[in-house]
Amino acid sequence: MLFKLMDLHGAAAFFEKAGFKPALFFVVLALVMESVAAAGLFFNILVKWTGLVSAGVLAVAVYAVFATKGAGWLWNLGGVEYLVLWAAGSFVFALNAWKQELAKYGRVYLLTAAHA
């Protein structure tokens with residue numbers, strides 16, 4: 001996220017190379033979605049949804065890396081290992097939040113449980 005903020009034009013060039021057009025729109029969209037996911041997970045806000053948002057954003061990032069650099073696994077060589085790790089972790093957080101809600105209330109709610 002910091003790379004995108006510090007160099008919007010460089011990020012836009014990467015997004016353009018990955019096939020996201022208009023690139024600047026997708027850079028801003030990525031910044032917004034990453035911020036929502038990070039804040040939600042950090043502050044425990046609607047984790048069942050923000051975890052899925054985070055996993056989705058990271059899945060798109062994996063696609064972008066494959067589209068620009070080709071298939072590579074090791075993160076220190078420009079691969080997707082780190083992205084996949086965090087996508088899987090985010091997905092597990094979301095699944096756990098759904099599971100906890102089901103165990104606590106006997107059902108799942110769209111946003112939050114209504115308290116009487």
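Numerical summary
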read-out	value
Qualifying residue in region 55-69 (condition: without any contact (Cβ under 8 Å) to a residue 12 or more places away in the chain, surrounded by fewer than 17 Cβ atoms within 10 Å (Cβ to Cβ) and at positive phi)	no
Unmet criterion (only one of (1) of a type outside the set (S, T, N, Q); (2) part of a helix (DSSP H, G or I); (3) closer than 28 Å to Gly10 by Cβ) for Gly72	(2)
Residue within region 81-90 that is out of contact with any Lys or Arg (no Cβ under 8 Å at 6 or more places or on another chain), open to solvent by 90 Å² or more (accessible area, probe 1.4 Å), of a type outside the set (Phe, Trp, Tyr) and not in a loop (DSSP other than H, G, I, E, B) present	yes
So Thr50, is it closer than 30 Å to Ala114 by Cβ, among the hydroxyl-bearing types (Ser, Thr, Tyr) and surrounded by 13 or more Cβ atoms within 10 Å (Cβ to Cβ)	yes
Residues (open to solvent by 70 Å² or more (accessible area, probe 1.4 Å) and under 14 Å from the mean Cα position of the chain (by Cα)) located in region 1-27	Met1
Near pairs, Cβ below 7 angstrom, 6+ apart or cross-chain, from region 88-116 (farther than 12 Å from Lys48 by Cβ) to any residue that is of a type outside the set (Ser, Thr, Tyr) and surrounded by 10 or more Cβ atoms within 10 Å (Cβ to Cβ)	Tyr105/Ala113
Filtered residues of region 91-116 (kept if polar (S, T, N, Q), part of a helix (DSSP H, G or I) and open to solvent by 90 Å² or more (accessible area, probe 1.4 Å))	Gln100
Residue identified as in contact with a helix residue (DSSP H, G or I) (Cβ under 9 Å, 6 or more places away or on another chain), assigned to a helix (DSSP H, G or I) and under 25 Å from Val92 (Cβ atoms) among Val27, Val36	Val36
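The values are calculated or read from the model by the stated rules, or taken from the named source; none is laboratory data. These figures come from a predicted structure and were not determined experimentally. Backbone-built Cβ (ideal geometry, glycine too); neighbour counts: all protein chains shown. All accessible areas refer to the heavy atoms of the entire protein, side chains included, with ligands and DNA or RNA removed. Shrake-Rupley method; radii C 1.70, N 1.55, O 1.52, S 1.80 Å.
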